[in-house]
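Take a look at the structure below.
The values are calculated or read from the model by the stated rules, or taken from the named source; none is laboratory data. As the structure is a prediction and not an experimental result, all values here were calculated from the model. Backbone-built Cβ (ideal geometry, glycine too); neighbour counts: all protein chains shown. Quick note on the areas: whole protein, heavy atoms, side chains included, nothing else; ligands and nucleic acids left out. Shrake-Rupley method; radii C 1.70, N 1.55, O 1.52, S 1.80 Å.
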Amino acid sequence: MGRDKSSEPTMADVARQAGVGVATVDRVINRRAPVREDTVLRVLAAAEALGFRRAGLIRRRAGEQTRAPTLGFVLQSARSPFYRTLGAALQAAAQAMSAPSPKVVLSYLEDLTPRRVAQGIVELGQSCDAVAVVAADHPQISQAVESVSAQGVPVFALVSDLTAPSLAGYVGVDNRKVGHTAAWTMARLCRPGKVGLILGSHRYLCQEQCEVSFRSWLRESAPAFQVLESLVSLEDVGLARATTQELLHLHPDLVGVYVAGGGVEGVIEALREAARPDLVVVCHDLTEVTRQAVLDGCVTLLLSHPYDWMAVRLCEAMVSAVRTPPGGTKLQAALPFVVCTPANM
């Protein structure tokens, strides 16, 4: 004969034995809210002592609570100074967290096709507790985010937001303000005329927002400036160099250049070759390459992600998402960007 279910220990029995409320036991079992580690262990001890049928699940929850989570990051080319700097910041942020510090897996991709990036998200989702990705917005990538999220692994967008409905959050800067600041700089530092605009790809929402806000600010506040048709570098240094050379050749009367995407190293190479100190040049992100370009006058001003702050905020959000039940409010952490000039290097 089977065991009389009416005699089985209940959640109320476990709560009474552990000296907590029934709601606390429910939170431990169903991850409805964070519970202190010592409380989880008391609930586990009570469940095991009473022979509670869900003691095994509570034991797994206790393991989730105490073990170090693994955080996976899908980044772009390791050859890029920006992504090397960002990767180092993520490692440092995780190591500085309270014990047990999260483990970090960095996946640098040379192939940035949507198929390969989507594959990278899925691969990390199989071995990590939470994943963050820098990616263009594309249906294949959204599908990968939905698939990994459905398995209980939260996925965050880093640097550039994504439109996948199940995305756990975004950590980056306010790209509308970045574009406005770039436009303001042009209007204040150079005479009205033609301005070139170089993007990595329109599929990156961050770059699309920078372009739109740059154009809209100049159109409203400095209409004497003519923003040329945007050029695309596909985040490739060689293509960015060739694109900049063509821009300078076709428009010798150019007064400014705004680089709102990747491949900035190629743009800097072309600007140095052209020897155009009269140009006002605004780029993104402080690296060893862009720092030197600012110091030697090739670049006028940098609008940079706050690497360390961004890495800390993201790692904290990922760990919190792992230890908190799904279904919470999507995180939108738009951090202040850093303005770099020769005067504050």
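Things to note:
- Each part reduced to its alpha carbon centroid, region 155-208 and region 81-95 end up 21 Å apart.
- Radius, Kirkwood style, for region 204-253 when every pair of distinct Cα atoms is counted (Å): 12.4
- Heavy atoms of TRP217 accessible to a 1.4 Å probe, total area in Å² rounded to 10: 50
- Ranking SER304, VAL294, ALA321 by how far each Cα lies toward the positive end of the dipole of region 279-335 (charges on Cβ) leaves ALA321 at the top.
- Overall dimensions of the chain as given by Cα atoms, namely Rg and Dmax in Å: 25.1, 93
- Region 130-175: C-alpha gyration tensor shape, a/c 1.5 cut-off, then a/b vs b/c: oblate
- Distance histogram in 5 Å bins (all Cα pairs of region 305-345, percent per bin): 5, 18, 23, 18, 13, 10, 5, 5, 3, 1
- For the chain, the longest principal axis of the alpha carbon atoms and the long axis of helix 37-50 meet at an angle near 30°.
- For region 40-130: Kirkwood Rh in Å [reciprocal of mean 1/r, alpha carbons]: 15.5
- Take GLU273: with every protein chain present and a 1.4 Å probe, its accessible area is about 100 Å².
- For HIS249, the accessible surface of its heavy atoms amounts to roughly 140 Å² (probe 1.4 Å, protein chains only, rounded to the nearest 10).
- Our summary gives the chain a relative contact order of 16 percent, counting only alpha carbon pairs under 8 angstrom and 6 or more residues apart.
- Converting the Cα gyration tensor eigenvalues of region 116-253 into ellipsoid dimensions via √(5λ) gives semi-axes, longest first, of 36, 17, 10 Å.
- Per residue, the convex hull spanned by the Cα atoms of region 209-297 measures out at 102 cubic angstrom.
- Per residue value of the accessible surface for the chain (all protein chains in place, 1.4 Å probe), Å²: 46
- From largest to smallest, the equivalent ellipsoid semi-axes obtained for region 101-149 from the alpha-carbon gyration tensor read 18, 13, 8 Å.
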